[in-house]
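Remarks on the structure that follows.
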Amino acid sequence: MRIVPNLGNVLNHLKEWFPHLHLPELPAIFGLDATGLVAAKGAQVHGIDVGQRVYVNPARYCGGCRYCRAGDTTACEYYSFNGYFGFGPKSQRMFEDYPYGGMCEYMTAPQYSLVTLPDAVSHEAAARWGYLGTAYRALRRAHAGPHSTVLVNGISGTLGIGVALFGLALGVRKIYGTGRNHQLLAKVKAMAPDRIETHSLDEEPSIGEWVRARTGGEGTNIVIDALGPGAPHDTMLDALSGLRRGGYHVNIGAVAGHVPVHLHEIMDNNKTMVGSVWFTTADGQEMADLAETGTVNLSVFEHEVFKLEEVNRALSVLKNRNGGFSNYIIIP
Ligand SMILES: [Zn+2]
């Protein structure tokens, strides 16, 4: 499984920063993004075999409400991340149904949560599926494709690199990305020098101006905001000003609180603003398909492996991470 850099924040600051979210009652077993082999299966499990390599999507939902039955499982009132946190008071029930997070040697999981992994996806890379999937779903919601240009706010972070990788895989023509660390921005650009351009937030001009100057004055079709916790509103608004008429702004980052948005401008220009959370197992399987055909390049990640008993030390070094390229993994 992967230790998400945000786990420390979730454990220490969740109630204070995000009071609408819910932690499991303690004691609890944490751990997101588990991957492994199917060790045993229930009598009513078909299509999944013992010994199969899988990624376990931690998204849990009731399966029986109107929204789950209609296939919009993210809209479920029980929607929760197994081993992490939930989105409402009903989440505790999901934690009780599925008490084992990724920091375990064995866990139980519903068959709907399993992404089967091709040989092209290592367990180390699959442990990255959660944040990559969040990026992938954001691109799909914005209808990204060969006709698109995309601005990624925070491109060198854990989510931003996923947007760049899957944007390239989906055929996006040009990807513009912002960040602070020049070395990391150069590394991002090196993934596809002809299709990625980067801009440091420490330099002039503003993001909107910078991206409009590169798109004939129009801006991009898509802006994906992947800023980390504590990022200021101004950076998001600046990127939003680089969105062209008819475009999509998708927020997957952690900018919190009330952001003043010029709604009349959004309406007049037929723009869409949407918050997007996580991804479905179907999305995850499509990502595995893209990896199987060699369409997405997962070789850019630097895996750092810890043993399960080293988890506290691992959490303490996450602050020094090498941007989104670092992939911290626990292997029991
Ligand atoms: Zn439901």
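The values are calculated or read from the model by the stated rules, or taken from the named source; none is laboratory data. Just so it is clear, the structure is predicted and the values come from calculations on it, not from any experiment. Methodologically, a virtual Cβ is constructed for each residue, glycine included, from the backbone with ideal geometry; neighbour enumeration extends over all protein chains shown.
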Response to the item:
Scanning region 109-133 residue by residue, the ones that are surrounded by 22 or more Cβ atoms within 10 Å (Cβ to Cβ) and not hydrophobic (A, V, I, L, M, F, W, C) total 4
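Okay, residues lined up against (1) crowded, with 19+ Cβ neighbours inside 10 Å; (2) polar (S, T, N, Q):
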position	(1), (2)
246	no, no
251	yes, yes
260	no, no
263	no, no
270	no, yes
287	yes, no
300	no, no
Worksheet item: Quick one: which of 47, 71 is closer than 28 Å to residue 291 by Cβ, in a loop (DSSP other than H, G, I, E, B) and free of Cβ contacts under 8 Å to residues at least 12 places away in the same chain?
Response: 71
Fill in: Extreme residue, farthest from the ligand (Cβ to nearest atom), among residues of region 74-116 that are of a type in the set (Gly, Ala, Ser) and in a helix (DSSP H, G or I)
113
Item to complete: State whether one or more residues within region 129-142 are modelled with pLDDT of 95 or more and more than 25 Å from residue 229 (Cβ to Cβ).
Response: no
Worksheet item: Only one of 168, 151, 240 is modelled with pLDDT of 95 or more, farther than 14 Å from residue 324 by Cα and touching a His at 6+ places or on another chain (Cβ under 6 Å); which?
Response: 240
Fill in: Filtered residue count, region 230-273, keeping only those that are farther than 25 Å from residue 13 by Cα, assigned to a strand (DSSP E or B) and among the β-branched types (Val, Ile, Thr)
1
Practice prompt. Could you please let me know if residue 71 is surrounded by fewer than 17 Cβ atoms within 10 Å (Cβ to Cβ) and near the ligand (Cβ under 8 Å from one of its atoms)?
Written response: no
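Across region 74-92, which residue is farthest from residue 330 (Cα to Cα) among those that are touching a Gly at 6+ places or on another chain (Cβ under 9 Å) and surrounded by fewer than 21 Cβ atoms within 10 Å (Cβ to Cβ)?
Looking at residues that are touching a Gly at 6+ places or on another chain (Cβ under 9 Å) and surrounded by fewer than 21 Cβ atoms within 10 Å (Cβ to Cβ), I get 77.
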Item to complete: Kindly indicate the residue of region 225-268 that is free of Cβ contacts under 8 Å to residues at least 12 places away in the same chain and aliphatic (A, V, I, L, M) and also farthest from residue 18 (Cα to Cα) among those meeting that condition.
Response: 267
Practice prompt. Test residue 186 against the stated conditions and say whether it is small (Gly, Ala, Ser), surrounded by fewer than 17 Cβ atoms within 10 Å (Cβ to Cβ) and in a helix (DSSP H, G or I).
Written response: yes
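Okay, residues lined up against (1) closer than 30 Å to residue 302 by Cα; (2) hydrophobic (A, V, I, L, M, F, W, C); (3) modelled with pLDDT under 95:
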{"site": "208", "(1), (2), (3)": "no, no, no"}
{"site": "218", "(1), (2), (3)": "no, no, no"}
{"site": "222", "(1), (2), (3)": "yes, yes, no"}
{"site": "251", "(1), (2), (3)": "yes, no, no"}
{"site": "254", "(1), (2), (3)": "yes, yes, yes"}
{"site": "261", "(1), (2), (3)": "no, yes, no"}
{"site": "264", "(1), (2), (3)": "no, no, no"}
{"site": "273", "(1), (2), (3)": "no, yes, no"}
{"site": "278", "(1), (2), (3)": "yes, yes, no"}
